[in-house]
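A quick write-up on the structure given underneath.
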Amino acid sequence: MEQRAVGTAPFTVSAMGLGCNNFGRMGTASQTQEGTDAVIAAALDAGVTFFDTADLYGGQWGLSETLMGHAWKGRRDEAVLATKFGFTEVATPLDQLGAKGSRAYLRAACEASLERLQTDRIDLFQQHQPDPSTPLEETLGALAELVDEGKILAYGVSQFTAEQLRSADAVVTGLGAPGVASSQDELSLVARGVETDGRLAAAEEIGAGFLPFFPLANGLFTGKFSRTEIPADSRIGRQRPHIAQNADWDAMEAYQALCEEWGVTMLEATLGWFLTRPVVSSVIAGATRPEQVTQNAASAQWRPSPEQAAQIDALFPA
Ligand SMILES: NC(=O)c1ccc[n+]([C@@H]2O[C@H](COP(=O)([O-])OP(=O)(O)OC[C@H]3O[C@@H](n4cnc5c(N)ncnc54)[C@H](OP(=O)(O)O)[C@@H]3O)[C@@H](O)[C@H]2O)c1
């Protein structure tokens with residue numbers, strides 16, 4: 001498995017990562033501890049060592065992290081563990097401590113995540129969303145303190161605009177603190193806004209690694225959907241049928257035909273499309289079953305040529 005840098009973080013990550021928002025998710029095979037254990041063991045066995053979760057994932061507060069904490073079974077040190085705090089759109093048990101980007105809030109969030117994840121360090125601690133009510137100096141200064149204390153190894157941000165990314169970089173430079181290691185935002189073949197509004201370029205400019213979320217468009221690009229078939233046992237089938245119903249099936253079918261011509265699966269072509277970009281640190285696709293994560297790891301080897309990447313871009317323009 002290819003290893004990649006995450007900005008200036010003192011570790012590398014597997015190019016194929018694992019998004020962990022399925023652990024605890026109702027109706028999935030990874031809703032239970034047993035299901036989570038199976039996905040995490042399969043990931044580690046396949047060389048997928050980068051795990052991205054958040055305090056709010058799992059349907060109940062902290063559930064994804066709690067299930068993950070029990071799943072290590074002595075293998076914690078094989079993993080690079082990223083989590084998040086401070087999703088501003090939900091109420092949390094820590095809200096009485098202050099705004100979600102405040103020093104008091106994020107320090108308490110870090111302690112709670114460490115406990116749930118059953119670990120003595122978080123490798124990458126990310127601010128889930130910007131908090132306009134807290135000065136960036138306070139948030140980033142508090143994150144730098146956590147690095148000094150060894151509770152986290154690096155910090156990153158999520159859903160920051162290009163301007164906010166540049167401001168964050170200026171703040172850490174001013175503080176003499178470590179650089180912002182990562183920027184996480186939505187990017188897939190059907191959601192390319194970060195390429196057109198400068199967020200991806202800004203991440204590159206400040207030296208952060210980019211972590212694309214919803215990279216498979218909730219599973220649309222796994223190849224298991226068609227114009228007429230939506231498997232019932234899938235997130236799209238259960239919760240988001242509109243994603244398949246509203247897809248541009250002419251483009252999807254043309255893409256499938258191109259993949260067949262190149263002798264690769266749609267999953268291989270899609271993962272390869274991400275991994276031709278040096279700024280992408282890891283493709284953090286989710287998985288609900290061990291077979292999926294094994295398949296995703298095996299599919300992350302192929303890379304399109306520049307001509308092939310241009311053909312994909314032409315089908316799904318930014
Ligand atoms: N920072 C943020 O604000 C933010 C927001 C959203 C997500 N995220 C992160 O991004 C990660 C990835 O997003 P996501 O998991 O929601 O979406 P995704 O990666 O686009 O889609 C993953 C889904 O596709 C299906 N799938 C994956 N591999 C498959 C395979 N080989 N064969 C068949 N089906 C397969 C699985 O769902 P089914 O089996 O149910 O079909 C899986 O849950 C999250 O886990 C989270 O860590 C971050």
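Candidates in the range 214-240 are the residues that are within 25 Å of GLN159 (Cβ to Cβ) and touching a Lys or Arg at 6+ places or on another chain (Cβ under 7 Å); of these, the one that is nearest to the ligand (Cβ to nearest atom) is GLY219. Hey, any hits in the range 95-114 for a residue that's modelled with pLDDT of 95 or more, closer than 25 Å to PHE210 by Cβ and in contact with a Lys or Arg (Cβ under 7 Å, 6 or more places away or on another chain)? Within the range 95-114, one or more residues are modelled with pLDDT of 95 or more, closer than 25 Å to PHE210 by Cβ and in contact with a Lys or Arg (Cβ under 7 Å, 6 or more places away or on another chain).
Residue-by-condition table, conditions (1) under 17 Å from the mean Cα position of the chain (by Cα); (2) in contact (Cβ under 8 Å) with a residue 40 or more places away in the chain; (3) farther than 13 Å from ARG116 by Cα:
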position: LEU18; (1), (2), (3): yes, yes, yes
position: ASN22; (1), (2), (3): yes, yes, yes
position: ALA46; (1), (2), (3): no, yes, yes
position: GLU65; (1), (2), (3): yes, yes, no
position: GLY69; (1), (2), (3): no, yes, no
position: LYS73; (1), (2), (3): no, no, yes
position: ASP77; (1), (2), (3): no, no, yes
position: PHE87; (1), (2), (3): yes, yes, yes
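The range 1-78 holds strands (runs of 3 or more DSSP E) entirely within its bounds, and those carrying 2 or more residues that are buried (at least 20 other Cβ atoms within 10 Å of the Cβ) map to 12-14, 50-52.
Each residue in the range 79-108 was checked for being farther than 24 Å from VAL6 by Cα, of a type in the set (A, V, I, L, M, F, W, C) and either assigned to a loop (DSSP other than H, G, I, E, B) or within 16 Å of the ligand (Cβ to nearest atom) (or both), and 4 pass.
The values are calculated or read from the model by the stated rules, or taken from the named source; none is laboratory data. If you're wondering where the values come from, they're calculated on a predicted model, not measured in any experiment. Cβ atoms come from the backbone with ideal geometry, glycine included; neighbour counts cover every protein chain shown.
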